[in-house]
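Worksheet: one structure, shown below.
The values are calculated or read from the model by the stated rules, or taken from the named source; none is laboratory data. All values reported here derive from a predicted model rather than from experimental measurement. Virtual Cβ from ideal backbone geometry, glycine too; neighbours counted across all protein chains shown. To get the accessible areas, we keep the full protein, side chains included, count just its heavy atoms, and leave off ligands, DNA and RNA. Shrake-Rupley method; radii C 1.70, N 1.55, O 1.52, S 1.80 Å.
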Amino acid sequence: MLEVKNIKANKDAYCEALKKRNFDAKEIFDDILRLDEERRSTQVQLDEILSQSNNLSKQIGQLFKEGETEKANQLKEKTTQLKDDSKVLSQQMSEISEDLQELLYQVPNVPHDSVPAGQDEEDNVEIFKEGKVPELSKKALPHWELAKKYDLIDFELGNKITGAGFPVFKGKGARLQRALISYFLDKNTEAGYSELQVPLLVNEESGYGTGQLPDKEGQMYHVTGDDLYLIPTSEVPLTNIYRNDLLEEKKLPIQMTTYTPCFRREAGSYGAHVRGLNRLHQFDKVELVNVVKPENSYKVLDEMVEHVKGILKELKLPYRILRLCGGDLGFTSALTYDFELYSTAQERWLEISSVSNFETFQANRLKIRYKNKDKKKELVHTLNGSSLALPRVIAGLLENCQTDEGIKIPEVLVPYTGFEWIK
RNA sequence: GGAGAGAUGGCAGAGUGGUAAUGCAGCAGAUUGCUAAUCUGUCAACGCGAAAGUGUUGCCAGGGUUCGAGUCCCUGUCUCUCCGCCA
């Protein structure tokens with residue numbers, strides 16, 4: 001959620017920047033500023049009336065004490081009008097605030113200067129590429145075939161237990177996944193992140209805090225019996241840890257990492273591109289969240305990108321980094337880099353990580369602030385990134401590391417898996 | 001799941017209808033010849049004001065009664081104790 005005072009100060013610049021997202025903000029900004037004016041003038045009137053009514057109450061109390069019942073009763077009559085007025089005004093006040101809130105929720109984050117204009121993923125800009133795409137033999141298989149051949153993942157079994165998109169990992173497949181989780185968490189804690197374990201179910205308030213609600217309600221599994229939501233990403237519980245907090249400056253930066261399963265309904269996405277591990281209803285992910293001072297956020301964003309690069313480099317997997325264009329940028333993000341792993345057998349790129357700076361957009365909704373040097377309260381910047389989404393890393397790993405003899409496990413993982421080959 | 005008790009500022013803790021004591025911590029200022037003491041000020045949100053200031057709101061949340069609610073009534077949430085169940 002954008003801050004009204006910033007919209008006021010930078011209206012034209014924001015409008016221009018939002019065009020990169022193909023979002024026409026002019027009208028909605030006018031409405032927001034108008035409602036903000038209304039809200040303030042209404043508050044002035046309301047405060048005045050309440051002030052009078054408080055004064056009268058005090059007088060009445062005093063008169064009763066002194067036994068001047070008649071005078072007190074006279075004053076009581078005067079409060080009736082004030083009461084009616086204040087009811088009307090406070091009703092107006094809450095309507096205006098609600099309308100204002102609703103409009104603010106509709107405006108996406110203002111893209112960073114470096115974000116290219118564009119319609120969709122076609123317009124994303126590749127900024128980095130690394131790792132050799134292996135030359136595979138004619139016999140190379142996509143990961144779902146490999147998973148079957150080596151009995152690593154059973155997709156049909158998941159259908160039986162739950163439904164499509166809930167695979168069962170088996171044997172070395174399960175072990176490989178566990179190894180990757182441990183490896184990622186170790187890399188993250190080495191880099192200074194503190195490891196947490198968080199709830200997989202969140203309440204409505206948390207959903208609003210990070211922006212999954214109200215827009216993306218249909219993407220989350222809703223546990224109606226207790227009115228809770230299964231997390232679509234651990235960003236939700238992690239970032240909500242600091243909801244409504246006023247942090248001390250010395251506490252920043254806060255760096256958190258966690259491993260959780262993620263649950264997404266993915267309604268309406270079926271077809272060839274969702275085969276195998278490409279798109280699941282339940283998948284594992286190791287996440288990074290940073291809560292930082294505004295002046296450091298872009299430096300931290302770069303560090304996160306370097307950190308994820310380091311992991312992929314060690315795994316020796318071919319990947320590229322994209323700077324997302326305005327049209328592909330998530331609603332809450334100011335700047336996002338996507339990491340894509342090349343899936344050799346499928347001959348396509350798979351998104352395995354997304355690293356974003358939300359600036360104050362989430363912090364404003366979540367009310368995460370800190371006291372700066374001048375003792376002024378200021379919103380923090382929040383950032384998050386995956387490190388990494390497990391199923392697609394496994395898909396790419398299986399496909400890229402396959403040989404005629406079997407699947408060769410990357411060296412750095414061997415201490416975690418306890419085996420070098422899947423044969 | 002059943003029964004009972006409770007929820008007040010960063011923390012501790014008073015307050016049963018008249019407008020939130022007090023203590024500790026933190027921060028700021030003053031003062032005293034130094035790891036400290038003492039005194040004063042200092043909660044948050046939203047406004048108004050050029051500023052000094054100043055108004056409103058906030059005692060778990062949401063409603064209600066009242067001229068006036070931390071206090072009374074209704075609903076919900078959470079915590080604690082006991083019982084039941086249980087990895």
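Odds and ends about this structure:
- If you run the Gaussian network model on chain A, springs between alpha carbon atoms under 10 Å, then out of A:ILE161, A:ILE181, A:ILE311 the most flexible one is A:ILE161.
- Inter-label distance, A:ASP404 to A:GLU135: 1.4 nm, where each label sits 7 Å from its Cα along the C-beta direction.
- Between amide H atoms placed 1.01 Å from N, distances below 5 Å from A:SER353 occur with A:PHE339, all of them 5 or more places distant or on a separate chain.
- Ordering of A:70-81, A:278-289 by packing [mean C-beta count within 10 Å, highest first]: A:278-289, A:70-81
- Listed peptides A:236-244, A:412-420 by packing density, highest first (mean Cβ within 10 Å): A:236-244, A:412-420
- Here the range A:322-423 is treated as an ellipsoid with the same Cα gyration tensor; its semi-axes, largest first and in whole Å, are 40, 18, 8.
- The phi-based Karplus calculation (6.51 cos²θ - 1.76 cosθ + 1.60; θ = phi - 60°) puts the 3J(HN,Hα) values of the range A:277-291 at 8, 5, 8, 10, 7, 10, 8, 9, 8, 9, 10, 10, 10, 10, 10 Hz, whole numbers, x for Gly and Pro.
- The heavy atoms of A:LYS367 present about 110 square angstrom of accessible area, all protein chains included, probe 1.4 Å.
- Peptide packing: for A:162-172, A:214-224, the average count of neighbouring Cβ atoms within 10 Å per residue gives the ranking A:162-172, A:214-224, highest mean first.
- Computed from backbone phi, the HN-Hα couplings of the range A:54-59 come to 4, 4, 4, 4, 4, 4 Hz, rounded to whole numbers (Karplus: 6.51 cos²θ - 1.76 cosθ + 1.60, θ = phi - 60°; Gly and Pro given as x).
- Dividing the C-alpha radius of gyration of chain A by 2.2 N^0.38 Å, with N its residue count, gives 1.24.
- Whole-number D in µm²/s for the range A:4-106 (Stokes-Einstein; Kirkwood sum over Cα pairs; 20 °C, 1.002 mPa s): 129
- All Cα pairs of the range A:154-223, percent lying beyond 19 Å: 62
- Karplus-based coupling profile of the range A:113-120, in residue order and whole Hz: 3, 7, 6, x, 5, x, 8, 8, with θ = phi - 60° in 6.51 cos²θ - 1.76 cosθ + 1.60 and x standing for Gly or Pro.
- Solvent-accessible heavy-atom area per residue, rounded to whole Å², over chain A at 1.4 Å: 50
- Both radii were evaluated on the Cα set of the range A:18-166; the Rg over Rh quotient, with Rh as the Kirkwood radius, amounts to 1.41.
- About its Cα centre, the range A:135-188 has a charge dipole of approximately 120 debye under the convention of +1 per Lys or Arg Cβ and -1 per Asp or Glu Cβ, with nothing else charged.
- Placing +1 on each Lys and Arg Cβ and -1 on each Asp and Glu Cβ, with no other charges, gives the range A:231-365 a dipole about its Cα centre of roughly 280 debye.
- GNM result for chain A, Cα springs below 10 Å: residue of A:LEU56, A:LEU397, A:LEU201 fluctuating most strongly: A:LEU56
- Basic side chains Lys and Arg get +1 at the Cβ, acidic Asp and Glu get -1 at the Cβ, and with that the dipole of the range A:4-106 about its Cα centre reaches some 320 debye.
- Between the amide H of A:LYS285 and those of A:THR260, A:CYS262, A:LEU390, distances stay under 5 Å, these residues lying 5 or more places away or on another chain, with hydrogens modeled in the peptide plane.
- GNM top mover of A:GLU130, A:GLU235, A:GLU347 - chain A, alpha-carbon springs below 10 Å: A:GLU347
- Furthest towards positive pole of dipole, A:GLN212, A:ALA164, A:VAL202, structure part the range A:106-232, Cβ charges: A:ALA164
- Under 25 Å from A:LYS78, Cα to Cα: lysines that are on another chain or at least 8 residues apart: A:LYS58, A:LYS65, A:LYS87
- Among the protein heavy atoms of the range A:121-422, carbon and sulfur supply 46% of the accessible surface, probe 1.4 Å, non-protein parts ignored.
- Temperature 4 °C, viscosity 1.567 mPa s: under these conditions the Stokes-Einstein estimate for the range A:291-348, based on its Kirkwood radius over C-alpha pairs, is 98 µm² per second.
- The calculated FRET efficiency for the pair A:ASP120 and A:LYS313, based on their C-beta separation and a Förster distance of 25 Å, comes to about 0.30.
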